[in-house]
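The block underneath contains the structure these notes are about, expressed in structure tokens.
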Amino acid sequence: MAAPLKTKTSVSLDASALDAPREFGVNVSAVAEVALKQAVAEARRRKWLEDNAAAFAGHARRPSAGGYPRRPWPDVMERLRP
């Protein structure tokens with residue numbers, strides 16, 4: 001498997017924020033890459049929840065097969081929110 005293609009970029013950071021990583025040998029690029037991937041995954045999750053909120057609400061309003069109302073989905077939605 002080929003190594004992923006890396007792209008050089010420039011990021012502006014507070015100079016004091018780089019002191020500790022240098023002192024402890026922390027790879028700033030690797031940390032930034034992981035943090036960026038996590039932030040994008042979280043943004044996708046939030047967007048998916050927002051895009052599908054109406055479907056969850058509609059599903060909650062339909063009666064179950066036994067004729068009883070379903071448990072409201074907003075409870076589930078609240079547990080999924082950060």
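The values are calculated or read from the model by the stated rules, or taken from the named source; none is laboratory data. On a predicted model such as this, the values are computed, not experimentally measured, just so you know.
State all residues of segment 13-59 that are among the small types (Gly, Ala, Ser) and under 23 Å from the mean Cα position of the chain (by Cα); if no residue qualifies, say none.
29, 30, 32, 35, 39, 41, 43, 53, 54, 55, 57
Just one of the numbered conditions (1) at pLDDT 90 or above; (2) at negative phi is not true of residue 25; which one?
(2)
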